[in-house]
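So the structure is just underneath, and the comments pick up after that.
The values are calculated or read from the model by the stated rules, or taken from the named source; none is laboratory data. Quick caveat, the model's predicted, so the values are computed rather than measured. Every residue, glycine as well, gets a Cβ built from its backbone with ideal geometry; the counts of neighbours run over all protein chains shown.
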Amino acid sequence: MTFPVIGVVGGGQLARMMAPAAVQLGFTLHVLAEGPDVSAVAAVASSTVGDYRSLEELRAFAVGVDVLTFDHEHVPGELLRALEADGVNVQPPSSALAHAQDKIVMRRAIDRLGLPNPEWDEVSSVTELCAFGDRIGWPVVLKTPRGGYDGKGVMILDSPADTSRAASWFTGGTLLAEAKVDFSRELSALVARTPSGSSRAWPVVHSIQVDGVCDEVIAPAADLPADLATTIGSAALRIADELGVTGVMAVELFQTPGTEAGFMVNELAMRPHNSGHWTMDGAVTGQFEQHLRAVLDLPLGSTATLGEVTVMKNYLGGSNVDLYSAYPVALAAEPAAKIHAYGKDVRPGRKIGHVNAVALAGESLSTVRDRAERTAAILRDGQDGPAMRKENT
């Protein structure tokens with residue numbers, strides 16, 4: 001028996017972080033990269049520069065791979081269906097991935113499953129948008145159904161007078177209008193599922209956003225009622241099963257005290273996810289190893305935690321343009337922190353890595369958060385200083 005070759009479409013940091021798990025298990029990763037210098041190329045055994053929007057190039061890339069999976073969700077569905085018709089083993093399949101590619105398709109599915117959605121509608125003009133807002137109440141959230149991430153493709157509109165800002169978004173297709181949800185915090189439920197239907201879930205986490213970008217994750221979410229955590233985990237597993245998801249899926253949620261369910265579904269991602277980076281150091285099986293196991297239909301690993309709490313802190317490009325120059329200070333300041341770098345050039349605001357901090361015996365959540373924040377701040381600024389945690393909790 002030969003070890004499998006896993007084709008990954010997209011050469012970003014998610015593909016890069018699959019590489020250590022693949023090496024450990026003896027798999028070969030072959031990446032379809034957007035360019036020769038993208039994040040994953042230096043980390044994987046084999047890469048091809050190509051265009052994921054070209055069926056010809058996708059077909060050529062798929063030759064010799066045992067399974068095709070993804071670093072992102074942007075491959076057009078018609079191309080994936082063509083690959084599947086060719087006999088390519090695409091995981092997750094196009095029928096499932098459609099729910100992460102198109103937010104309107106996702107909202108319909110969540111309604112069909114009877115799970116809690118914000119009030120929503122499809123709108124094709126400012127007039128229809130205003131009618132929606134007048135019907136359900138302002139403010140409303142307008143989203144592009146496809147392509148939005150990290151706060152892009154999202155606009156909050158406070159009143160009908162504010163909708164003039166949205167006029168340029170209406171270019172012939174429909175957009176997604178949603179009620180602005182009154183929530184106490186954002187949560188994420190990460191699960192994995194195999195093609196044969198086995199699945200596992202990690203604990204529900206608290207995801208803290210800053211300017212539409214994931215800034216920090218606390219795993220498990222502090223003070224989350226046990227029954228609500230169980231309900232959310234079960235809902236995420238049900239979504240994965242009903243939609244035929246394979247690999248890792250993140251269900252991003254709002255915690256909504258006072259509502260019947262106590263939560264609402266926000267978005268789906270069908271790949272390893274920023275809210276799951278904590279699992280690399282804080283769980284028996286990290287999300288990248290689990291994703292590879294899942295798409296190959298191998299038995300899934302334990303999702304048990306390795307500490308009472310783990311904190312993941314992203315670091316963005318800042319004043320320090322020479323990331324490695326800060327390593328001596330960062331590693332000396334916080335020897336228990338785990339640094340992950342994405343191999344990207346530093347640009348202001350660009351997501352270039354994350355830090356994981358796992359609680360040592362008897363440590364408080366505050367101590368663990370400070371460790372992660374301090375390490376990330378040193379990397380970002382190039383020098384040590386007091387932790388400047390943003391209290392976006």
### Message
Could you check segment 312-365 and list, in sequence order, the residues that are assigned to a loop (DSSP other than H, G, I, E, B) and in contact with a helix residue (DSSP H, G or I) (Cβ under 8 Å, 6 or more places away or on another chain)?
### Response
Gly318, Ser319, Asn320, Glu334, Ala336, Tyr342, Gly343, Lys344, Val346, Ala359
### Summary
Residue pairs within 7 Å by beta carbon, gap of at least six or interchain, first lying in segment 229-243 and surrounded by 15 or more Cβ atoms within 10 Å (Cβ to Cβ), second in a helix (DSSP H, G or I), listed first then second, are Leu243/Ala96; Leu243/His99; Leu243/Ala109
### For Thr279: the one exception among (1) farther than 23 Å from Glu178 by Cα; (2) buried (at least 22 other Cβ atoms within 10 Å of the Cβ); (3) in contact with a His (Cβ under 8 Å, 6 or more places away or on another chain)
(3)
### Summary
Screening Pro92, Pro36 for residues that are surrounded by fewer than 16 Cβ atoms within 10 Å (Cβ to Cβ) and either in contact (Cβ under 8 Å) with a residue 60 or more places away in the chain or closer than 25 Å to His340 by Cβ (or both) leaves only Pro36
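Taking the conditions exactly as written (part of a loop (DSSP other than H, G, I, E, B) and either closer than 27 Å to Ala337 by Cβ or in the same structural domain as Pro145 (by TED's automatic domain parsing) (or both)), does Ala229 satisfy them or not?
On the way: part of a loop (DSSP other than H, G, I, E, B): no; either closer than 27 Å to Ala337 by Cβ or in the same structural domain as Pro145 (by TED's automatic domain parsing) (or both): yes.
Answer is no for this residue.
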### Task
Mind listing whichever residues of segment 180-217 are hydroxyl-bearing (Ser, Thr, Tyr) and assigned to a strand (DSSP E or B)?
Ser188, Ser199, Ser207
### Task
For segment 265-311, enumerate the residues that are of a type in the set (D, E, K, R), farther than 16 Å from Ala189 by Cβ and in contact with a helix residue (DSSP H, G or I) (Cβ under 9 Å, 6 or more places away or on another chain).
Glu289, Arg293, Glu308
## Note on the structure
The residue from Arg200, Arg165 that alone is of a type in the set (Lys, Arg), crowded, with 16+ Cβ neighbours inside 10 Å and either modelled with pLDDT under 95 or within 22 Å of the chain's Cα centre (by Cα) (or both) is Arg200
